[in-house]
1. Given the chain, what percent of its DSSP beta bridges are antiparallel, to the nearest 5?
2. Where only protein heavy atoms count, and the probe is 1.4 Å, what is the accessible area per residue for region 63-111 in Å²?
3. Calculate, for region 269-322, the solvent-accessible area per residue in square angstrom, rolling a 1.4 angstrom probe over the heavy atoms of the protein chains.
4. Among the DSSP beta bridges whose two residues both lie in region 58-173, what percent are antiparallel, rounded to the nearest 5?
5. What's the longest bit of the chain with no exposed GluC sites (Glu not before Pro), using DSSP loop states and at most 13 other Cβ atoms within 10 Å as the test?
6. Quick check: the distance between the Cα centres of region 154-185 and region 280-324, to the nearest angstrom?
7. Assuming a ≥ b ≥ c are the square roots of the Cα gyration tensor eigenvalues, decide whether the chain counts as rounded (a/c under 1.5), prolate (otherwise, with a/b larger than b/c) or oblate.
8. Could you pull out the pairs from K143/K218; K178/K313; K60/K169 whose alpha carbons sit more than 31 Å apart here?
Amino acid sequence: MTYLNAAVMEMKNTTTLIRRAGLLVLLGLGLSSCKKDHQETEVPDEQADYHQTAVTKFAKTGDAQYAYRTLGNQAGIPLVMISALGGSMDDWDPAVTNGLARENKVIIFDIEGVASSTGKTPDNIPDMAKGVVNFIRSLGYTKVNLMGFSMGSFISQQIVLTEPGLVNKLVLTGTGPKGSLGLSDLPKVLASTSGLSPEEGFLKIGFTSSASSIAAGKASYLRTQQRQLNRDGVLSAESSLAEVTAVLGWAQPYPEALNELTKVTQPVYIAQGENDIPVPVVNAVNMSKSFPNARLDIYPDAGHAGFFQNHLKFVTAVNAFLKN
């Protein structure tokens, strides 16, 4: 039996417990969602809470219909944000999305088969990347900035390697290259949240045990719960398993991973928590040394969701990176 098959079987054995805990949640910090069917309206004020008021739209490509929202009204190259494992549009911290949307046109969306998007969720990163590329092109864009969190950062790397002409700049967080050190422990990491509430699981994987990190995590959790208007639903069991399988596939040893990154010519900004459990910080360090044009910020006393904990620093850094 291959490593991947064994890991997936272990994941199947723990899926019920993890779902009961609310967690195929993170690595994408995916949270319990509740839809309310009311009419949405655009709010043009540049200081508006874009995350709460953005209209959910749909773009069809192939057999899939992608749900997406556009935040902000800025001109220029848009920033397309790709969610992490278990995540939907409503699992981004509004402190991050709103902060970025005040200086950029931001597009958040659900990948194929996830939450409000239709279709079948791919069980591998390359096919996920192809779907995202098709979605971007269906909106008429020929050049975008990409931001990926965790699994979303894996998809972003795949896109910049296979469709480099589409990508202007790259933002990665909670990230690691193919064959990331420690990523193969994903089933154990997720199983460790068994019996925890969604908030407790969010804190355990996304933050550290310090009082300041926990306080920041609780504040972030509350922010992610604020939108109730046409809120995304939770992932299906089928989509959850497909995403886990994709991440475990990315975790398989791949000796050429860092060498491939040396071919990326786009500017890259990486932000990583020093105490990231699912994707240890050494992976981000190695990546920053491989990309020809990369900047790395490491947040002390921060976990997988370090950019949520340090949202002010992160938003300021990313806005400056994209502007320059």
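The values are calculated or read from the model by the stated rules, or taken from the named source; none is laboratory data. Values in this document were obtained by computation on a predicted structure and should not be read as measured data. Using ideal geometry, Cβ is built from the backbone for each residue, glycine included, and neighbour counts are taken over all protein chains shown. Just so you know, the surface numbers come from the protein's heavy atoms only, side chains and all, with ligands and any DNA or RNA stripped out. Shrake-Rupley method; radii C 1.70, N 1.55, O 1.52, S 1.80 Å.
1. If we restrict to bridges inside the chain, about 30 percent are antiparallel.
2. With all protein chains present, region 63-111 gives 22 Å² per residue.
3. Ligands and nucleic acids excluded, the result is 36 Å² per residue.
4. If I count the DSSP bridges inside region 58-173, around 40 percent turn out antiparallel.
5. Working: sites that count: E42, E46, E256.
That would be 47-255.
6. Spelled out, the Cα-based centre of one part sits 13 Å from the other.
7. Cα axes put the chain in the rounded bin.
8. Long pairs (Cα-Cα over 31 Å): K143/K218.
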